[in-house]
Amino acid sequence: MDKLTKTRGFHPAGGMFRNAILFCLLSTGLFGLSEKSVLADERYAFDKGHSSILFSVSRFGFFQEKGEFSDYDGDFVFCTQHPDKDAISITFYSAGIRTSDEETDEDLRGPDFFNAAQFPQMRFVSTAVKLVDKDNAKITGNLTLLGVTKPVAFDAHFAERDDDTDNDDYVASFSASGVIKRSDFGMNHLIPIIGDEVHLRIQVKGIKKNAD
């Protein structure tokens, strides 16, 4: 189970994001991604080798079951000079949910929980951001799970934006954490034996996409 808490190579930088980046995030807000409104060279794709989406939920009121979404896609936009929009969009594939126990994995993918056969995807799309300080922000957006869409919020920390000297890529990194209630989405099975609150921890390194 310890391996599920690792971030698989994510190393936040000690330096700060440029003030201009955060000013743009605050002033423009985060909106859904649009091919027409977002320039290709402003978008970063998730580097899955250096990113992770982890979760934990209580069992019997004291034990924390930990796991990860091992299959997902995502991209995000950071303001550089005069962007149209800043955004983050993540698609989680329910069949890729993993814990330390295969039987638990099958239960979570089954009809009582994520129902991966009927609802193979869950999706988060940002709608707004509020700057807390020069390195941290509150990101809000809509999460769709089991066909139900509800607003959720994440506390975000902007960790890195620089050239990747190893690969000659331009990279940006951030982490975000939040709590959702699964009952809000109709996932009520075994509450309170298995907790209603699910803690999410997202750590992302993105590689800037080249302009078309």
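Yes or no: the range 84-96 includes at least one residue that is of a type in the set (A, V, I, L, M) and farther than 18 Å from Arg43 by Cα. Scanning the range 84-96 turns up at least one residue that is of a type in the set (A, V, I, L, M) and farther than 18 Å from Arg43 by Cα. Quick check on my filter: what residues within the range 101-135 are part of a loop (DSSP other than H, G, I, E, B) and touching a residue at least 40 places away in the same chain (Cβ under 8 Å)? Within the range 101-135, Asp112, Phe113, Phe114, Lys134, Asp135 qualify. Take the conditions modelled with pLDDT of 85 or more and surrounded by fewer than 16 Cβ atoms within 10 Å (Cβ to Cβ) and apply them to Asp163. Does it pass? Against the criterion (modelled with pLDDT of 85 or more and surrounded by fewer than 16 Cβ atoms within 10 Å (Cβ to Cβ)), Asp163 does not qualify.
The values are calculated or read from the model by the stated rules, or taken from the named source; none is laboratory data. It should be emphasised that the depicted structure is a prediction, and the values quoted were computed from it without experimental measurement. Positions of Cβ are generated from backbone atoms using ideal geometry, with glycine treated the same way; all protein chains shown enter the neighbour counts.
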